[in-house]
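Engineer: Starting off with a structure, shown below.
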Amino acid sequence: MTPFQWFLSYLKKYRWYMITGLVLVVVTTVLALVSPYISGRIVDDVIQGGAYDLLLNLILALVAVTVLRSALRFTFLMLFETSSQGVLYSLREAVFKKFMKEDFDFYNRNRTGDLMSRQTGDMDAVRHFVSHVIYFSFENVLTFVMALVMIFTVNVKLAVCMLIVLPFTALITYCQSKEIKPTFEKVRRCFSSLNAFAQENISGNRVVKAFAKEDFETQKFDKENDAYRDAQIESSNVWRKYIPIFEIFSNLLTVVLMVVGGLMVIQKEMTMGQFVTVNGYLWMLNNPLRQFGWIINDAQRFFTSIEKIFSTYSVEPEIRELEVPLASERVTGTIKFENVYYYSYNDVILRDINFEVKPGQTVGIIGATGSGKSTLINLLCRFYDVTDGRITIGRVNVKNFDLHSLRGSIGIAMQDVFLFSDTIEGNIAYGNPECSFEEVEKAAKIANADDFIRKMPEGYDTIVGERGVGLSGGQRQRISLARALVKDPSILILDDTTSAIDMETESAIQSELKAVGKDRTVFIIAHRISSIMDADLILVLSNGRIVERGTHESLLAQRGYYYTVFNHQYGEFDEFRARRMEERGNRNGQK
Ligand code: ATP
Ligand code: MG
């Protein structure tokens, strides 16, 4: 499918609007031919022929035609405007839906600002094409052809003389189209880049400020701004070159009429009235010629934009579902990683990962930064697909599940917490919008967030996120944890979720987590031993491999990486550990 065919598939829904609109364009154009005809009759019959009683009728006809034309014009303008808004609405929706379907890789490769440009500037070029360019180009071509036909009916010889401009017009049209297209591509590229730059600097403004880089960023912005302005000027230079040529052609027609037509009137080959009529039609030849340059401009702007939108739209996500995926209310069962490898651009990120977790168990994952911890759980959630090996849940390959079922059963508190510009309640309920306030509150209590939320100016109704009040890193993490919990997931993933939370609070959260969701499999990724020491299985990752595995005690006994980390953290941890050990001893004693 070409970008244009794709666009037509959206326009199809409005075909009757478009066809009716185009028919009305034909009618108004035909009506436009009537005025010069009546003017000619006034000169020949009334002024020169003395038939004064005809004058009133002719004037009334002239007024009636003008009123009718205006009414029809209004109607077709409305039809095209309505179609353009309709097409734009569906197109924007389709592109947004596709954005929602795209995978992590797509968002890694595309800048937010670029994607925003697809939905804004490029869409506007499409709207302009449907609401204006289609009818306007049709109207102009039609006016030109009809006026020429009418001149033929008045005087063939004069009409043939006027045809002289046509081959040149065609040639210039072709040259302008070819030359202007690349300049529009550059304009769109620069616009996207400018947008992306502005977007990054606005959302990353705190970093800019922290490093006092305002001037530096402003200079960089000026460069982007210059590039965009230069691209626009380059594009205008093209039309500035061509538009006068069309202007010359249109004036040339006036010269042809004056010289050839004048001579013919003198030689009595044509009446004065016919000369006036042709002069009336002349405007209908001139004007389209003048507009051609603009039409080509707008049309090429549209083609560039629709190509850009389509090229973004047609990227297929690499994470695909089976034709008949396995849908399940709740994906549960033993999670098994079997010989899992993951490569990204030929870099081996994970290699030979094998482990198994039963429902209800907790897995702790620890390892140096960049060792592949987040990637491991990204594979489980199918944000990326394994390159080799397989991951199963309850003996079913994760690739066989319907993505909604799979991800709907996983509650994840991601490493980079993102909160929407919404109330705290809205943010927590995000994964389960139908849940009651009590459920939100319960999740917040487990995440140890209820206390601080209640102290906020408007409690659960406080707006957070981009437009909202400031939250500390640990508060954000706890809201994100509550958001993961409110889904009551069968698999809970905490990716560095407690890194900004003090040990006491973390310990309280973990006890709460243990108390609820007995059959829930929990993955805890952490750098702090205290976060994972209670896990049933602890995996130590290094350079994408599991280098050590076992329980806290067995890993300490191995005296490897885990033991070293433990000793490093020992100082700050000592007191806390002693207390926890005591608690664990008491618990074991109770059992
Ligand atoms: P941290 O403790 O800092 O969160 P991590 O163990 O979670 O680290 P990962 O995020 O899993 O580390 O990254 C593992 C490796 O994979 C890193 O070397 C990183 O550069 C690389 N990596 C992560 N995401 C991608 C990606 N989208 N494309 C290419 N490489 C990636
Ligand atoms: Mg990580």
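Engineer: State which residue pairs qualify: first residue at pLDDT 90 or above and inside region 306-326, second residue among the aromatic types (Phe, Trp, Tyr) in any location, beta carbons under 7 Å apart, and separation of 6 or more residues or different chains.
Structural biologist: ILE306/PHE4; ILE306/PHE7; PHE310/TRP6; VAL315/PHE106; PRO317/PHE106
Engineer: Same structure, new question: Against the condition basic (Lys, Arg) and either in contact with a Gly (Cβ under 7 Å, 6 or more places away or on another chain) or within 16 Å of ligand 1 (Cβ to nearest atom) (or both), how does LYS336 come out, does it pass?
Structural biologist: Judged against the criteria, LYS336 is not a match.
Engineer: Okay, next question. From VAL324, VAL348, VAL260, grab the single residue that is out of contact with any strand residue (DSSP E or B) (no Cβ under 9 Å at 6 or more places or on another chain), open to solvent by 30 Å² or more (accessible area, probe 1.4 Å) and not in a helix (DSSP H, G or I).
Structural biologist: Details: VAL348 fails: out of contact with any strand residue (DSSP E or B) (no Cβ under 9 Å at 6 or more places or on another chain); VAL260 fails: not in a helix (DSSP H, G or I).
Exactly one of VAL324, VAL348, VAL260 is out of contact with any strand residue (DSSP E or B) (no Cβ under 9 Å at 6 or more places or on another chain), open to solvent by 30 Å² or more (accessible area, probe 1.4 Å) and not in a helix (DSSP H, G or I), namely VAL324.
Engineer: Could you go through region 204-219 and let me know if any residue there is open to solvent by 40 Å² or more (accessible area, probe 1.4 Å) and touching a residue at least 24 places away in the same chain (Cβ under 8 Å).
Structural biologist: Within region 204-219, the first condition is being open to solvent by 40 Å² or more (accessible area, probe 1.4 Å), and the residues that meet it are 205-207, 209-216, 218-219.
Pick out the ones that are also touching a residue at least 24 places away in the same chain (Cβ under 8 Å) and you get none.
Within region 204-219, none of the residues are open to solvent by 40 Å² or more (accessible area, probe 1.4 Å) and touching a residue at least 24 places away in the same chain (Cβ under 8 Å).
Engineer: Given the residues SER507, SER499, which is the only one that is within 13 Å of ligand 1 (Cβ to nearest atom), at pLDDT below 85, hydroxyl-bearing (Ser, Thr, Tyr) and not in a strand (DSSP E or B)? Quick ask: steps written out before the conclusion?
Structural biologist: Numbers: SER507 fails: within 13 Å of ligand 1 (Cβ to nearest atom).
The unique qualifying residue is SER499.
Engineer: Kindly provide the set of residues from region 358-373 that are surrounded by fewer than 20 Cβ atoms within 10 Å (Cβ to Cβ) and near ligand 1 (Cβ under 6 Å from one of its atoms), ordered by number. Break it down stepwise before answering.
Structural biologist: If we filter region 358-373 for residues that are surrounded by fewer than 20 Cβ atoms within 10 Å (Cβ to Cβ), which is where we start, we get 358-361, 368-370.
Once the filter is applied, which keeps residues that are surrounded by fewer than 20 Cβ atoms within 10 Å (Cβ to Cβ) and near ligand 1 (Cβ under 6 Å from one of its atoms), region 358-373 yields THR369, GLY370.
Engineer: If you go through region 381-390 one residue at a time, do you hit one that is touching a Phe, Trp or Tyr at 6+ places or on another chain (Cβ under 7 Å), more than 30 Å from PHE99 (Cα to Cα) and within 12 Å of ligand 1 (Cβ to nearest atom)?
Structural biologist: Narrowing region 381-390 to residues touching a Phe, Trp or Tyr at 6+ places or on another chain (Cβ under 7 Å): 383-384, 386-389.
From the residues that got through so far, the ones that are more than 30 Å from PHE99 (Cα to Cα) too are none.
No: zero hits.
Engineer: Report whether or not GLY86 is open to solvent by less than 40 Å² (accessible area, probe 1.4 Å) and either touching an Asp or Glu at 6+ places or on another chain (Cβ under 9 Å) or closer than 14 Å to TYR10 by Cβ (or both).
Structural biologist: Details: open to solvent by less than 40 Å² (accessible area, probe 1.4 Å): yes; either touching an Asp or Glu at 6+ places or on another chain (Cβ under 9 Å) or closer than 14 Å to TYR10 by Cβ (or both): yes.
Against the criterion (open to solvent by less than 40 Å² (accessible area, probe 1.4 Å) and either touching an Asp or Glu at 6+ places or on another chain (Cβ under 9 Å) or closer than 14 Å to TYR10 by Cβ (or both)), GLY86 qualifies.
Engineer: Picking from ALA147, ALA94, ALA125, which residue would you name as being open to solvent by less than 60 Å² (accessible area, probe 1.4 Å), out of contact with any Gly (no Cβ under 8 Å at 6 or more places or on another chain), closer than 30 Å to TYR384 by Cβ and in contact (Cβ under 8 Å) with a residue 24 or more places away in the chain? Explain how you work it out, then say what you get.
Structural biologist: Working: ALA147 fails: closer than 30 Å to TYR384 by Cβ; ALA125 fails: closer than 30 Å to TYR384 by Cβ.
Just a single option satisfies the conditions, and that option is ALA94.
Engineer: Quick one: TRP6 ticks every box in (1) hydrophobic (A, V, I, L, M, F, W, C); (2) in a helix (DSSP H, G or I); (3) over 30 Å from LEU403 (Cβ atoms); (4) open to solvent by less than 80 Å² (accessible area, probe 1.4 Å) except a single one, so which number is it?
Structural biologist: (3)
The values are calculated or read from the model by the stated rules, or taken from the named source; none is laboratory data. All values reported here derive from a predicted model rather than from experimental measurement. Cβ: placed from backbone, ideal geometry, glycine included. Neighbour counts: every protein chain shown. Ligands, DNA and RNA are stripped out before the accessible areas are found, and what is left, the full protein with its side chains, is counted by its heavy atoms. Shrake-Rupley method; radii C 1.70, N 1.55, O 1.52, S 1.80 Å.
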